Amino acid sequence: MNELDEQLRRRLTFAIISHPDSGKTTITEKLLLFGGAIHIAGAVKSGKTTRASVSDFMAMEKERGISISTSVMGFEYAGRKINILDTPGHADFSEDTYRGLSAVDSALLVIDSVKGVEERTRKLCEVCRMRHTPIATFMNKLDREGKDPIELLDETERELAIGVRPVTWPIGQGKSFKGVYDLVQKRLLLFFPGEVQRPSDIVTIRDLSDPLLEQKVGESLAAKLRDDVDLLSGVYPPFDAAEYLAGKATPVFFGSAINNFGIRELLDAMASLAPAPTPKHSEERVVQPGEDKFSGFVFKIHANMNPKHRDRVAFLRVCSGIFERNKTYYHVRSGKPFRTANPTAFMAQDSEIVNQAWPGDIVGIHDTGTFKIGDTVTEGESINFKGIPSFAPQIFRYIVNADPLKEKQYHKGLDQLAEEGVVQIFSKPHQPNVRVLGVVGQLQLEVLQYRMEHEYGAKCAYRPIDLSIAHWIASDDAKALKEFIDEHSRRVLVDIRGTNIFMSESSWQFERIKSNNSAIRFYSTSEMVEDRDP
Ligand code: G4P
């Protein structure tokens, strides 16, 4: 096996996705503890603010910005090099999360067993489904009285449109939580609140009629476990790795992150099951990770937020070949050569300069304005990776310069922050000075104003717009598209890549216009193929 193949086999890059408060930060931290990457709890910064004020958010981002290594956490475990991608906790920045999902090969879904499937979980899983991303599921907080586990499985299967395959099964819940039964390895993992699992807490019970079960968990819970397992085996097919890798079924684990319970089993399962770097689609062809030539794409740009050094870090996912420090590569969008002396790798709490990075790795590149989100870098081939779409924003505003003396700063700030993905910016065809902002949440509007003022010395103001629903449009019939745009010119905007967007005032109006214009295709993401080919 050559070194590239060997490194590929070892790599495992995944994101943790969840609705806020499900326990993502706690789990990330416990995974790092078990992986030996950190030694004390409290080292991982939560991505959430309790109060959604702009100064709280900026303070938190600053902290995260300085220690950007928390965005990607790499560590070695069970013979694999694991990269966990952190995704923003705040719902207003969900687009950043969706983009992060383009840079991983699988996802770990965390569900709060008290609350069940929540709104953001649904959206994130939809994005995973579009890309057939394998998902493993952890039902958290079993130490609390939550929903019935069968109900949780049902809800997950129904709401996330994915087959569920329980791998462990809880015994009791809340105050009576005794642990889980590992359905695959036929062993009992016993729970003692607040303690890290010891090897003696694991009891092998091959046959559930073994009276040892009563001794360990008591009569009524033993009886319930037997009934549950009978029921499960009738309803759910056994776990099948191929179904998981195809994104069709998810293995489900139960536990309690805060109590360190069930996390080691989860990590062991991820290390043995989760896919190594997968092929990535470009507009031109499918790129295999084992190809000799390097290729990769930028999925995130993070400003350091230090006004004295306005440099940014571009996060590049290596898709194929070997990325080498100081080697000259090709920046496809500009057609220019690109070279970096200080690529950074992320290892849990630290970042360090790397000489080489392999497919599945994320490299941080100091950027002075070369990169935009979605840019491809290669050894010379002109390909463009897909999978980094913009999603239709939900809030729109006209944006205007509020300080005429700072015109230059205003445009520079707006362009750079749009490139960073803080907001989406649209313009009117033939009226480039009329700019419309699109965001997912109100907080983004405040963050933009704050950063324009503090980082660029510019002031911006917002004006209302009566259009609120956006669809990217295309047609095989160029004449029909032009006529449509002319007829609806008041409602058509152009994004930073020059693609047309049709805006409507209501879903009723949108449906009416759509049904009257069958030659036009309407998409809810900028990557237009995805709606047609889920
Ligand atoms: P997030 O990143 O998904 O937003 O969630 P986070 O880990 O911050 O966890 C959200 C809350 O849930 C935290 O409590 C955390 O302690 C708690 N939690 C996580 N795992 C478990 C679990 O297994 N059982 C129980 N009972 N709680 C759990 P908090 O009160 O918001 O914060 P803190 O004061 O404890 O830090």
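Between beta-carbons, use under 10 Å as the cut-off and find the net charge around Pro275, counting Lys and Arg +1, Asp and Glu -1. Intermediate values should be presented prior to the final figure.
On the way: positive: Arg11; negative: Asp105.
With Lys, Arg at +1 and Asp, Glu at -1, the neighbours total 0.
Run the simple label-point estimate for Ser382 and Glu407 please: 7 Å along Cα→C-beta, distance reported in nm.
3.6 nm
Relative contact order for the chain using alpha-carbon pairs under 8 Å, separation at least 6, rounded to a whole percent?
Dividing the mean separation by the residue count of the chain yields 14 percent.
May I ask you to list the residues of the range 150-188 whose amide nitrogen lies under 17 Å from a point 7 Å from Cα along the Cα→beta-carbon direction of Asp240?
162-167
Give, as ranges by residue number, the residues of the range 155-174 whose backbone N falls under 15 Å from the point 7 Å along Cα→Cβ of Ser220.
Output list for this probe position: 171-174.
Taking the simple approach of a point 7 Å from Cα along Cα-to-Cβ for both Val434 and Lys248, what is their distance in nm?
5.0 nm
For a quick check: with amide H placed at 1.01 Å from N, whose amide H comes under 5 Å from Asp143's, ignoring anything fewer than 5 positions away on the same chain?
Counting only residues 5 or more places away or on other chains, the set is Gly174.
Report Rg/Rh for the chain, rounded to two decimals, where Rg is the Cα radius of gyration and Rh the Kirkwood radius.
Values: Rg = 24.6 Å, Rh = 24.8 Å.
For the chain, the value is 0.99.
Can you tell me the order of 508-521, 240-253 when each peptide is scored by its average per-residue count of other Cβ atoms within 10 angstrom, highest first?
Ranking, from highest mean packing down: 240-253, 508-521.
Accessible area per residue for the range 280-378 in Å², computed with a 1.4 Å probe and the full protein assembly in place, what is it?
Solvent-accessible surface per residue comes out at 42 Å².
Can you find, among Phe294, Thr344, Ser334, the residue farthest towards the positive end of the dipole of the range 280-378? Put +1 on the C-beta of Lys and Arg, -1 on that of Asp and Glu.
So the residue we want is Ser334.
Note the full-extension length gain between Ala480 and His281 as 0.36 nm times their separation in residues minus their Cα-Cα distance, in nm to one decimal.
Numbers: separation 199, 0.36 × 199 = 71.64 nm, distance 2.98 nm.
Here the answer is 68.7 nm.
Which order, highest average first, do 217-230, 111-124, 260-273, 23-36 follow once you tally other Cβ atoms within 10 Å for each residue and take the mean per peptide?
Sorting 217-230, 111-124, 260-273, 23-36 by mean packing, highest first, produces 23-36, 260-273, 111-124, 217-230.
Give me the percent relative contact order of the range 102-220, please, defined on Cα pairs under 8 angstrom at least 6 residues apart.
Relative contact order for the range 102-220 comes out at 18 percent.
Would you pull out the residues with amide H under 5 Å of Thr340's amide H, same chain only if 5 or more places away, H placed 1.01 Å from N?
Correct list: Asn326, Lys327.
Fully extended, how many nm does the chain gain between Ala341 and Gln185 (0.36 nm per residue separation, minus their Cα-Cα distance)?
Result for the pair: 51.4 nm of gain on full extension.
Please work out the FRET efficiency for the pair His132 and Lys175, using the Cβ-Cβ distance as r and a Förster radius of 35 Å; give the result to the nearest 0.05.
Values: r = 40 Å, r/R0 = 1.15.
Computed FRET efficiency for His132 and Lys175: 0.30.
Could you size up the charge dipole of the chain around its Cα centre, putting +1 on the beta carbon of Lys and Arg and -1 on that of Asp and Glu, and report it in debye to the nearest 20?
Roughly 1180 debye for the chain.
Could you give the size of the charge dipole of the range 280-378 about its Cα centre, using +1 on the Cβ of each K and R and -1 on the Cβ of each D and E, expressed in debye and rounded to the nearest 20? Walk me through the numbers on the way to the answer.
On the way: 14 positive and 11 negative charges, 74 e Å.
Charge dipole of the range 280-378: 360 debye, to the nearest 20.
Determine, from the Cβ-Cβ distance of Ser515 and Gln394 and an R0 of 30 Å, the FRET efficiency 1/(1 + (r/R0)^6), rounded to the nearest 0.05.
E between Ser515 and Gln394, to the nearest 0.05, is 0.85.
Mind pulling up the Rg/Rh value for the range 280-378? Radius of gyration and Kirkwood radius, both on Cα. All intermediate terms of the calculation are to be shown ahead of the outcome.
On the way: Rg = 13.1 Å, Rh = 13.8 Å.
The Rg/Rh ratio comes out at 0.96.
Whole-Å semi-axes of the range 395-523's equivalent ellipsoid, largest first, each the root of 5 times a Cα gyration tensor eigenvalue?
With the √(5λ) rule applied to the range 395-523, the semi-axes are 30, 15, 12 Å.
Measuring from label point to label point, each 7 Å out along Cα→Cβ, what is the Glu6 to Glu155 span in nm?
That separation, rounded to one decimal, is 4.8 nm.
Along the charge dipole of the chain, pointing to its positive end and built from +1/-1 on Cβ of Lys, Arg, Asp and Glu, which listed residue (Leu245, Ile469, Pro193) has its Cα farthest out?
Ile469
Using only alpha carbon pairs under 8 Å that are at least six residues apart, calculate the relative contact order of the range 395-523 and give it in whole percent.
Computed value for the range 395-523: 29 percent relative contact order.
What number, rounded to the nearest 500 deg cm²/dmol, is the helix-based mean residue ellipticity at 222 nm of the chain, given -39500 (n - 2.57) per DSSP H run of at least four residues and division by all its residues? Numbers along the way, then the final one.
Details: 15 runs with 155 residues, N = 534.
So the calculated ellipticity at 222 nm is -8500 deg cm²/dmol.
The values are calculated or read from the model by the stated rules, or taken from the named source; none is laboratory data. All values derive from a computational prediction rather than experimental measurement. Neighbour counts run over all protein chains shown; Cβ positions are idealised from the backbone, glycine included. All accessible areas refer to the heavy atoms of the entire protein, side chains included, with ligands and DNA or RNA removed. Shrake-Rupley method; radii C 1.70, N 1.55, O 1.52, S 1.80 Å.
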